[in-house]
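These notes concern the structure reproduced below.
The values are calculated or read from the model by the stated rules, or taken from the named source; none is laboratory data. Note that this is a predicted model, so its numbers are computed, not measured. Cβ coordinates were reconstructed from backbone atoms using ideal geometry, including for glycine residues, and neighbour counts include every protein chain displayed. Keep in mind that these areas ignore ligands, DNA and RNA; they rest on the heavy atoms of the full protein, side chains included. Shrake-Rupley method; radii C 1.70, N 1.55, O 1.52, S 1.80 Å.
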Amino acid sequence: MDQIVNVDEFQELAKQALPKMYYDFYNGGAEDQHTLKENVLAFRRILFRPRVLVDVSKIDMSTSILGYPISAPIMIAPTAMHKLAHPEGEIATAKAAAACNTIMIVSFMSTCTIEEVASSCNAVRFLQIYVYKRRDVTAQIVKRAEKSGFKAIVLTVDVPRLGRREADIKNKMISPQLKNFEGLVSTEVRPNEGSGVEAFASSALDASLSWKDIEWLRSITKLPILVKGLLTREDALKAVEAGVDGIVVSNHGARQLDYSPATITVLEEVVHVVRGRIPVLLDGGVRRGTDVFKALALGAQAVLIGRPIVYGLAAKGEDGVKKVIDMLKNEFEITMALSGCPTIDAITRNHVKTENERPHSML
């Protein structure tokens, strides 16, 4: 593993390690995959305004989310079915998160049970959920998460239907039986044509889900509720009005609506209307420590890492996941030092320049 120098190199290792169907499932985006590329490229168009002659002999990357301290503003995004990447699945990912002192958001579509993940190691964990047509299924899993010591619920709100992922359709992606749902609902779908994941989603997901359902969710759990999948100031305002405890600016890793904006390009409009009332997190396209810094400068409290975690897991198991997080942390630490920011609080909007800001010298 010594020769790996950045997170992107894990993607190539994962491609070699995984069957094509599974690699394509993790790697793919919707339709033309325009947003998939833009999520990464949009970060590259943001430039730094580094400050010099600041004492950066000690760098403190630590922060806290919903009052839970983490070693750096880098969390693990919810991604489905980790056992397709590695036999230890979400347990390996959870152990790596605990070792790196960060928060893992466990996917509703995990291949290890909530209880298995909870008992694997001691750490702060959140659970991501979908609302199924059968509300009792969602309600039971939320209650189990609460009982297992999960600290928050992250409701994904951008999947009234599954986006069109053409690689999965071509590969006839199989949806395996997920252990969390055993005895509740069958998730094993092998369609004659098309994607099994899509076939399961269309049968299970509730397309009628709306803002009033936040009330329903609050009625079944005492845990804080974050909503994941917002891209506009209008929806951010509605989220605050609905009394949620946090927002994740996300386009679902570009797997839902193609030609939706790269998340980093809409982060500021969300941050402006939220006005610090609740935390705003971001996922989508984070591949470097510089990206973490840019997201924080534009108002995010932390970023969530999705695909790179899965690639690290596929390539090297628990150690691979740790290595991915450690690489991002190291790059982030260097970026803070070279930008003149010894602490997270020192990172300001003034430290970056986005592409729509004209140079003042033109005036």
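Loop-located GluC sites (Glu not before Pro) in segment 193-260 (DSSP state other than H, G, I, E, B) with a sparse environment of at most 15 neighbouring Cβ atoms within 10 Å: Glu193. For the options Ile325, Ile278, Ile91, a Gaussian network treatment of the chain with springs between C-alpha atoms closer than 10 Å singles out Ile278 as fluctuating the most.
Calculate, for segment 115-204, the solvent-accessible area per residue in square angstrom, rolling a 1.4 angstrom probe over the heavy atoms of the protein chains.
46 Å²
Couplings for segment 97-114, taken from phi via the Karplus curve 6.51 cos²θ - 1.76 cosθ + 1.60 with θ = phi - 60°, read 4, 5, 5, 8, 6, 9, 9, 9, 9, 7, 6, 4, 9, 6, 9, 9, 6, 3 Hz in order; Gly and Pro are left as x.
When a/c reaches 1.5 or more, the comparison of a/b and b/c decides; with that in mind, is segment 197-268 rounded, prolate or oblate per its Cα gyration tensor? Oblate shape, in that a/c is at least 1.5 and b/c is the bigger or equal ratio.
Restricting segment 174-240 to chymotrypsin sites (Phe, Trp or Tyr not before Pro) that sit in a DSSP loop and have at most 15 other Cβ atoms within 10 Å of their own Cβ leaves Trp211.
Mean residue ellipticity at 222 nm from the helices of the chain, using -39,500 (n - 2.57) per DSSP H segment of n ≥ 4 over the full residue count, to the nearest 500 deg cm²/dmol? It comes out at -12500 deg cm²/dmol, rounded to the nearest 500.
For Lys151, the lysines whose Cα comes closer than 24 Å to its Cα, not counting residues fewer than 8 places off in the same chain, are Lys83, Lys95, Lys143, Lys179, Lys212, Lys222, Lys228, Lys238, Lys322, Lys329. Just the protein heavy atoms count here, and of the accessible area of segment 1-130 at 1.4 Å, carbon and sulfur take up 51 percent. Within the listed set Gly243, Gly229, Gly284, the residue fluctuating most in the Gaussian network model of the chain (springs between alpha-carbon atoms under 10 angstrom) is Gly243.
Per-residue Karplus couplings for segment 14-25, computed as 6.51 cos²θ - 1.76 cosθ + 1.60 with θ equal to phi - 60°, are listed in order as 5, 4, 6, 7, 9, x, 3, 4, 6, 4, 4, 4 Hz, Gly and Pro entered as x. Inter-part distance, segment 43-60 to segment 290-363, computed on C-alpha centroids, equals 11 Å. Database remark: amide H of Thr156 closer than 5 angstrom to the amide H of Ile129, Lys228 (H placed geometrically; neighbours at sequence offset of 5 or more, or on other chains; Pro and chain starts carry no H). Note on the chain: GNM, Cα springs under 10 Å; of Asn101, Asn27, Asn122, the largest mean-square fluctuation is that of Asn122.
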